[in-house]
Amino acid sequence: MSVQEHELYEALGSSGARVAAIDAIPVALPLRRPVEFASGTITTADNVLVRVHSDTGIIGCAEAQPRPYTYGETQASIVAAINRFAPRLIGADPVRSARNRALISDGSSDTCARAAVLVALADLSARVLGVSCADLLGGAADDVAVAAMVSFGTPEQMGEDAAQLHADQGIEVFKVKVGRDPGLDIASVMAVREAVPGATLYVDANRGWNLEQAREAVPGLLELGVQMIEEPLDLADRDGRVQLAAEWPVPLGGDESCLDLGQVAEQIAGPVSQVSIKIARTAFDEGAAVAAYCRATGVHAVVGSQYEGALGAWASIAFAAGVRDLSSRPAEVANFLDLADDLVASPVITDGRVAVPDGPGLGATIDEAAVARYRVDR
Ligand code: MUC
Ligand code: MG
């Protein structure tokens with residue numbers, strides 16, 4: 001670096017860009033039909049679009065999805081938290097992710113609000129540097145296999161949903177939502193198995209069973225070839241979770257119990273032997289730390305979904321493709337298909353795989369007309 005370059009670096013920060021403003025825009029995006037699972041129902045995608053403007057004119061974007069039953073955050077609380085964080089970041093260099101996380105880590109539990117700001121900063125950083133987020137994360141692969149969630153319906157409807165995802169997108173890996181009545185859960189998984197006989201199947205009870213129901217449902221699910229069981233019980237039932245994990249020949253998956261690295265460490269020392277990493281709650285930095293911890297402890301980690309729209313899906317795709325251990329495993333990035341309209345162009349899933357886009361950052365371009373159409377703050 002020349003003396004002049006060094007002076008410029010010192011004056012401007014390592015990327016040369018500075019955060020100038022942050023928007024938190026609440027939107028209500030239409031769904032094709034409501035999606036339901038044991039811990040909640042989503043009737044509209046009441047997401048928050050986060051835009052970080054830099055003094056260079058380059059903008060970074062991300063999406064937050066309120067999931068009150070998991071994090072306690074609402075759309076209003078996410079907007080309020082981002083507006084509270086924003087002044088602390090004005091003038092910050094977007095590439096300094098550790099410093100920026102520290103600036104907005106104030107002990108509050110605004111998990112998804114904080115993650116969305118950090119992902120938008122990562123999108124901005126990658127755009128400033130002229131590389132994709134996937135490459136910045138390690139560039140392990142150009143595309144990844146897709147896993148789709150099959151939400152509650154009648155068993156017949158759930159089978160049809162899986163068949164359609166298989167026919168239209170070539171998807172062969174399904175996370176079937178369970179946690180209702182054990183008989184209904186087995187019938188649901190059986191319907192998906194019959195609809196796509198060669199599929200890889202795992203299930204997610206979203207804490208909907210009690211110990212007795214889990215014990216009743218699981219043998220039948222195992223017979224249908226289910227390879228992992230996510231969050232069977234209330235997290236407060238620590239003994240029950242440990243007992244089930246010891247009884248099962250397949251992993252007990254951690255999702256709601258694994259919100260950050262500390263919880264992941266605690267759960268891996270306990271009943272969890274597969275971890276769902278959700279960028280919507282960890283952002284890229286903590287997500288990478290969780291992935292590394294899982295690698296070090298020999299635990300399978302996968303990219304999970306909290307029913308993201310397309311912008312959230314682009315972030316998950318970048319992470320899944322960027323990080324070595326994750327790029328070879330199916331990632332849950334298909335839930336944008338539940339939306340009837342969106343703020344950015346949707347990923348295209350072909351033969352069960354989705355590619356990292358060519359452009360810099362997350363590769364998503366905001367449709368301003370869609371923002372105007374769906375924002376609920378004006
Ligand atoms: C999942 O894996 O549990 C349901 C709610 C949420 O936040 O994520 C989903 C999917
Ligand atoms: Mg889950």
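No lab work stands behind these numbers, since they all come straight from the coordinates. As the structure is a computational prediction, the values presented were derived from the model and not from experiment. Cβ coordinates were reconstructed from backbone atoms using ideal geometry, including for glycine residues, and neighbour counts include every protein chain displayed.
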Among the numbered conditions (1) on the phi < 0 side of the Ramachandran plot; (2) within 16 Å of ligand 2 (Cβ to nearest atom); (3) assigned to a loop (DSSP other than H, G, I, E, B), tell me where Asn206 comes up short.
-> (1)
Could you say whether any residue in region 284-297 is within 19 Å of Lys177 (Cα to Cα), within 16 Å of ligand 2 (Cβ to nearest atom) and free of Cβ contacts under 8 Å to residues at least 40 places away in the same chain?
-> no
Going through region 265-278 in order, the residues found to be away from ligand 2 (no atom under 14 Å from the Cβ) and touching a residue at least 12 places away in the same chain (Cβ under 8 Å) are Ala265, Ile268, Gly270, Pro271, Ser273
Scan Ala320, Ala292, Ala246, Ala265 and give me the residue that is assigned to a helix (DSSP H, G or I) and crowded, with 24+ Cβ neighbours inside 10 Å.
-> Ala320
Restricting the first residue to region 79-98 and requiring it to be hydroxyl-bearing (Ser, Thr, Tyr), which pairs with a second residue that is not in a loop (DSSP other than H, G, I, E, B) meet a Cβ separation below 7 Å and a spacing of at least six or different chains?
-> Ser97/Leu118; Ser97/Leu121; Ser97/Ala122; Ser97/Asp285
Kindly establish whether Val144 is under 20 Å from the mean Cα position of the chain (by Cα), in contact (Cβ under 8 Å) with a residue 40 or more places away in the chain and either farther than 30 Å from Asp351 by Cα or buried (at least 22 other Cβ atoms within 10 Å of the Cβ) (or both).
-> yes
From the options Val250, Val302, residue that is within 27 Å of Pro219 (Cα to Cα), out of contact with any His (no Cβ under 7 Å at 6 or more places or on another chain) and within 13 Å of ligand 1 (Cβ to nearest atom) = Val302
Exactly one of Val35, Val19, Val48 is of a type in the set (Val, Ile, Thr), in contact (Cβ under 8 Å) with a residue 24 or more places away in the chain and more than 16 Å from ligand 1 (Cβ to nearest atom), and that one is Val19
Are any residues in region 271-289 within 16 Å of ligand 1 (Cβ to nearest atom), assigned to a loop (DSSP other than H, G, I, E, B) and more than 18 Å from Leu362 (Cα to Cα), and if so, which ones?
-> Val272
Does region 175-190 include one or more residues that are within 14 Å of ligand 2 (Cβ to nearest atom), under 28 Å from Gln157 (Cα atoms) and part of a loop (DSSP other than H, G, I, E, B)?
-> yes
Identify, please: which residue in region 190-215 is touching a strand residue (DSSP E or B) at 6+ places or on another chain (Cβ under 6 Å) and polar (S, T, N, Q) and is, among those, surrounded by the fewest Cβ atoms within 10 Å (Cβ to Cβ)?
-> Thr200
Contact list, first residue from region 360-378 and outside any helix (DSSP H, G or I), second anywhere and polar (S, T, N, Q) and surrounded by 14 or more Cβ atoms within 10 Å (Cβ to Cβ), beta-carbon distance below 9 Å, six or more apart or interchain, is Pro360/Ser132; Gly361/Ser125; Gly361/Ser132; Leu362/Ser132; Gly363/Ser132; Val376/Gln75
